[in-house]
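Visitor: Here it is, the structure in full.
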Amino acid sequence: MSFQTSNKNTLVSSLAPSSFKLSYFPNSYPGETFHSIICRLFDHMNFPNPRINFSLLKLKGSLGNLSCLASNLEYLMTILPLGHHYTEDRIINQNTLAPFYIPFLSESRAKNLKQVLIKGTSAAVNSLNGRIRRSDFLQFCPLCAEGDVKIYGEKYWHREHQIIGVRVCANHHVFLENSFVQMRSYYQLDKVCSAEQAIRITQVRPIDQSKFSHQIFLKIAQNVNWLLNQHDVEPTSELVQRRYQSLLFNEGLTTYLGKLRVKKLLEAIQDYYPGQLLKSLQCEIGESTHSNWVLRTLRPSSAFQNPLYHLLIIFFLGYNISDFLQVSAEIKPFGNSPWPCLNPACQHFLKQVIQKCQVVQNTYGNAKGIFCCNCGFTYSRVGPDRSEEDRFRFISVEEYGRVWDSSLQNMWRNSEITLKEMADFLKVDSQTIKRQATRLELDFPRQSKGVEVLELSTSIKSSKVFSPPSAQEYRSEWLTIRELNPDLGRTALLQQFGRVYSWLYKHDKEWLNEHLPIVKKRDFSSSSNWNEKDAALKISIEEAAKRLKDSIGRPIRVTARAISIEVGNTRLRQNIQRLPLANQALVSSVESREDFFIRRVYWASDCFRQEVIHPTYRQIACRAGIRPHTETLESVQKAITVALQPFTPQNI
């Protein structure tokens, strides 16, 4: 419903310019962009020149920015008709994309963003998009457009459809379509067009939920919708970083102190997301292990990263954004207190009585927990704990304590208790009993002093309490691991099953060496292998170059690096001197900058032809991204001239 006046064809009242007010302003529809409200205002008022009206409303910024955010809301509030229901916060929360960005901003940046929208321009969106290129056109869902006409009598632009990375409609599970309204920064505000004028209902393209890429597209859209409808989420960029550290540590992808295990992390993400999917979202990881969007997003930085990056990482960690924002940011590799006492000589044995745990980082970057009971027994283990059983294990004893020492002393003096019985009761081996007896300066050889410890002796022989795994159990577990993972090498076994490997290496090294995989030696002597690789790689390079040139969307330059990524061999150029055919194919396939710009010119021409737009020389150059210094090249000028020929009157 809109505010009505007796003279709807008058945009402003007859008040003096210093106090002029709008006589009419439409109410917003659910999820409508601020830009769409303004477009409907101009439609309803039937004004021919939007540029003048934008100037009257003191709206600043490009069409692309206004379609995402808003501008000069403080002034707008002063000129709205009497009785309006708008507030600055309402417009920001319900008609801009600010709720999508705020959860990933610091408190100061979020406050600054709101102030810019209220008092300044919408140009702030440029810094929010980061390195991801915005869509060339406003997007719409055909089914949403049909529904809008039935419910509201007209179409409008939905804000959730204008977000970078959103390819499908979360409500109807169909792909979004491009309108002909261009939103790149070089198009001016006099090009604005309402959804009612711009949207032409097209054939619906439903997604295929059996495809992983379509599942991710839908998940992005659903999570974006959830964010846009949360108006009370506080800016928590620092908290987001701590949540990442907690979850990545639990997956073994960071050290306890937060250092990323970069190679392992990047491999895991690339295994999770197909390369073509990341490419379509402008989120390729590339070869660099020093700077890419994953590392920029996960490492603390003053630079803002696009929320699409955050969503992809959150999905990889197994969460939706609603659940992720509830995750505890505290790292607890050993769970919550209390923890059990593991001193067999103590009356609290296996009881949860330890209240404090000291956590440090060991040499390998893992969390090491040190637990000390009141009895003095102090043990440690490496985390994180994966199960409840892990709470009852330890890898070393830091200090045995007075109770354990007293128990050993009493048993040592009783000649009726054998060395093996002492070891079994105290859950250690015989050598440990001897070392600790030496530490306590006990008599050796042992002598009976008539100490009556019959009750203690009986308890030793009848004890059935928890004991750590024996060597035989570790051996059996290792054999099972080898049987289930016959193709894993030594390094992979150590990385994945470090607990068993480390114990056997320390206590049963000879047996472990006999049951390790055979070291594989690479054979570089056979030239036939290189010849076969050379021929196969030549074909792969040529096919990869063709796929890059034929890919849908904005052209991608065919470089050696792009071909390497497409082939799936990022080390392609390391042994290229042994692969003459592949080297020749690579050299001939790589595209010069000049050829690349010419290809982009023809792509821009095709885009205008599909949109039924007759472009000018300058529009083709801008659409193709031709820089001024490149435009001076004779071959590029000739390509633009040829591309314009189909649009000349005699050819139309």
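The values are calculated or read from the model by the stated rules, or taken from the named source; none is laboratory data. All of these numbers come straight from a predicted model, not from anything done at the bench. Don't worry about glycine lacking a Cβ; one is built from the backbone with ideal geometry, like all the others, and counts go over all protein chains shown. All accessible areas refer to the heavy atoms of the entire protein, side chains included, with ligands and DNA or RNA removed. Shrake-Rupley method; radii C 1.70, N 1.55, O 1.52, S 1.80 Å.
Visitor: Find the residue count for the stretch 90-110, including only residues that are touching a residue at least 40 places away in the same chain (Cβ under 8 Å) and assigned to a helix (DSSP H, G or I).
Guide: Just the residues of the stretch 90-110 that are touching a residue at least 40 places away in the same chain (Cβ under 8 Å), to begin with: 91, 93-97, 99-107, 109-110.
Filter once more, so that each one left must be assigned to a helix (DSSP H, G or I): 91, 93-95, 99-104, 107, 109-110.
Total satisfying the criteria: 13.
Visitor: I'd like to check which helices (runs of 4 or more DSSP H) are fully inside the stretch 573-652 and have at least 2 residues that are free of Cβ contacts under 8 Å to residues at least 12 places away in the same chain and closer than 30 Å to A536 by Cβ.
Guide: Qualifying helices (runs of 4 or more DSSP H): 580-589.
Visitor: Does T458 satisfy the condition of being of a type in the set (V, I, T), at pLDDT below 80 and assigned to a helix (DSSP H, G or I)? Reasoning before the result, please.
Guide: Numbers: of a type in the set (V, I, T): yes; at pLDDT below 80: yes; assigned to a helix (DSSP H, G or I): yes.
When the stated conditions are applied, T458 passes them.
Visitor: On to the next question. Go over the candidates C372, C346 one by one and state the one that is farther than 22 Å from N250 by Cβ, of a type outside the set (G, A, S) and in contact with a Ser or Thr (Cβ under 8 Å, 6 or more places away or on another chain). Outline the logic, then answer.
Guide: Details: C346 fails: in contact with a Ser or Thr (Cβ under 8 Å, 6 or more places away or on another chain).
Residue meeting the stated conditions: C372.
Visitor: State whether one or more residues within the stretch 96-113 are crowded, with 19+ Cβ neighbours inside 10 Å, within 20 Å of S179 (Cα to Cα) and at pLDDT 85 or above.
Guide: Looking through the stretch 96-113, at least one residue is crowded, with 19+ Cβ neighbours inside 10 Å, within 20 Å of S179 (Cα to Cα) and at pLDDT 85 or above.
Visitor: Could you list all residues from the stretch 344-357 that are in contact (Cβ under 8 Å) with a residue 40 or more places away in the chain and either surrounded by fewer than 17 Cβ atoms within 10 Å (Cβ to Cβ) or touching a Gly at 6+ places or on another chain (Cβ under 7 Å) (or both)?
Guide: Taking the stretch 344-357 as the starting set, the residues that turn out to be in contact (Cβ under 8 Å) with a residue 40 or more places away in the chain are 344-346, 349-350.
Selection gives L350 alone.
Visitor: Take the stretch 358-381 and flag every residue that is open to solvent by 60 Å² or more (accessible area, probe 1.4 Å) and part of a loop (DSSP other than H, G, I, E, B). Break it down stepwise before answering.
Guide: Let us first name the residues in the stretch 358-381 that are open to solvent by 60 Å² or more (accessible area, probe 1.4 Å), namely 358, 361, 363-364, 372, 374.
Those that are open to solvent by 60 Å² or more (accessible area, probe 1.4 Å) and part of a loop (DSSP other than H, G, I, E, B): T363, Y364, N374.
Okay, residues lined up against (1) surrounded by 15 or more Cβ atoms within 10 Å (Cβ to Cβ); (2) among the aromatic types (F, W, Y):
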{"residue": "A585", "(1), (2)": "yes, no"}
{"residue": "E594", "(1), (2)": "no, no"}
{"residue": "Y602", "(1), (2)": "yes, yes"}
{"residue": "R618", "(1), (2)": "no, no"}
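Visitor: Restricting attention to the stretch 209-232, and to residues there that are of a type outside the set (S, T, N, Q), over 18 Å from Q305 (Cα atoms) and open to solvent by less than 40 Å² (accessible area, probe 1.4 Å), which single residue is nearest to the chain's Cα centre (by Cα)? Write out each step before concluding.
Guide: Initially, the stretch 209-232 is screened for residues of a type outside the set (S, T, N, Q), giving 211-212, 214, 216-221, 224, 226-228, 231-232.
Those still in the list that are over 18 Å from Q305 (Cα atoms) too: 211-212, 214, 216-219, 221, 226, 231-232.
Right, trim to open to solvent by less than 40 Å² (accessible area, probe 1.4 Å) and you get 214, 216-218, 221.
Details: H214: 17, I216: 12, F217: 14, L218: 16, A221: 15 Å.
Selected residue: I216.
Visitor: May I ask you to list the residues in the stretch 548-568 that are in a loop (DSSP other than H, G, I, E, B) and either in contact with a Gly (Cβ under 9 Å, 6 or more places away or on another chain) or open to solvent by less than 60 Å² (accessible area, probe 1.4 Å) (or both)?
Guide: Kept after step one, since they are in a loop (DSSP other than H, G, I, E, B), are these residues of the stretch 548-568: 551-559, 568.
Hits for the stretch 548-568 are S551, G553, R554, P555, I556, V558, T559, G568.
Visitor: So is S540 surrounded by fewer than 16 Cβ atoms within 10 Å (Cβ to Cβ), small (G, A, S), modelled with pLDDT of 85 or more and within 30 Å of L277 (Cα to Cα) or not? Spell out how you get there, then give the answer.
Guide: Details: surrounded by fewer than 16 Cβ atoms within 10 Å (Cβ to Cβ): no; small (G, A, S): yes; modelled with pLDDT of 85 or more: yes; within 30 Å of L277 (Cα to Cα): yes.
Against the criterion (surrounded by fewer than 16 Cβ atoms within 10 Å (Cβ to Cβ), small (G, A, S), modelled with pLDDT of 85 or more and within 30 Å of L277 (Cα to Cα)), S540 does not qualify.
Visitor: Let me ask you something else. Take the residues of the stretch 159-176 that are open to solvent by less than 30 Å² (accessible area, probe 1.4 Å) and in contact with a Phe, Trp or Tyr (Cβ under 7 Å, 6 or more places away or on another chain): which is farthest from S280 (Cα to Cα)?
Guide: Restricting to residues being open to solvent by less than 30 Å² (accessible area, probe 1.4 Å) and in contact with a Phe, Trp or Tyr (Cβ under 7 Å, 6 or more places away or on another chain), the top hit is H161.
Visitor: Quick test for you: out of S246, S328, pick the one residue that is open to solvent by less than 60 Å² (accessible area, probe 1.4 Å), within 30 Å of Q230 (Cβ to Cβ) and more than 11 Å from the chain's Cα centre (by Cα).
Guide: S246
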